[in-house]
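Structure in structure tokens, see below.
The values are calculated or read from the model by the stated rules, or taken from the named source; none is laboratory data. What you see is a predicted model; the values in this text were computed from it and never measured. Here the Cβ positions follow ideal geometry from the backbone for every residue, glycine too, while neighbour counts run over all protein chains shown.
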């Protein structure tokens with residue numbers, strides 16, 4: 001049972017994934033620990049219009065990216081897992097090389113060494129051989145590489161529905177089942193739009 005999760009937000013495009021992850025976790029008993037990088041904050045403001053304080057209000061605990069003495073920097077802290085949403089290619093590389101440049105990287109390193117769930121929502125395209133090698137290296141260590149690729153079988157009607165689907169699937173990786181929309185139920189039946197009725 002997952003009781004606590006770290007949510008890291010880096011400077012890659014897709015800040016909405018981190019925001020929505022926190023919003024959904026707010027409605028669960030899971031205790032959240034938030035850390036946002038400098039460029040994560042800038043991207044958050046640019047893409048969503050939200051401020052860092054808006055995010056902090058959604059989390060149970062929050063830390064500065066430079067606070068290497070924070071709770072999550074030690075494996076002795078009983079935090080059950082971590083999601084980085086979104087995860088930049090730079091953070092992917094730092095984690096793959098064990099470089100704890102900031103608290104997000106250090107917390108990810110702790111998850112790996114303690115064999116706790118780590119989900120990286122890597123946002124980069126196209127992917128170079130360097131990116132792919134970093135992903136493969138981490139996947140072999142048990143890290144879940146989770147690019148936020150939308151699904152279309154559920155016929156999303158908005159960006160919000162696409163984000164919700166991805167967030168629900170990311171939380172599945174921690175054994176957290178949330179109801180944010182249509183899941184695959186087998187068969188190929190198409191929803192009929194109101195304009196087609």
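Only residues that are closer than 20 Å to residue 171 by Cα and out of contact with any strand residue (DSSP E or B) (no Cβ under 7 Å at 6 or more places or on another chain): list them for region 110-139, please.
The answer is 110, 114, 115.
Across region 29-54, what is the total count of residues that are under 21 Å from residue 173 (Cβ atoms) and loosely packed, with under 14 Cβ neighbours inside 10 Å?
Residues flagged as under 21 Å from residue 173 (Cβ atoms) and loosely packed, with under 14 Cβ neighbours inside 10 Å within region 29-54 amount to 1.
Mind checking whether some residue in region 174-189 is assigned to a helix (DSSP H, G or I) and modelled with pLDDT of 95 or more?
no
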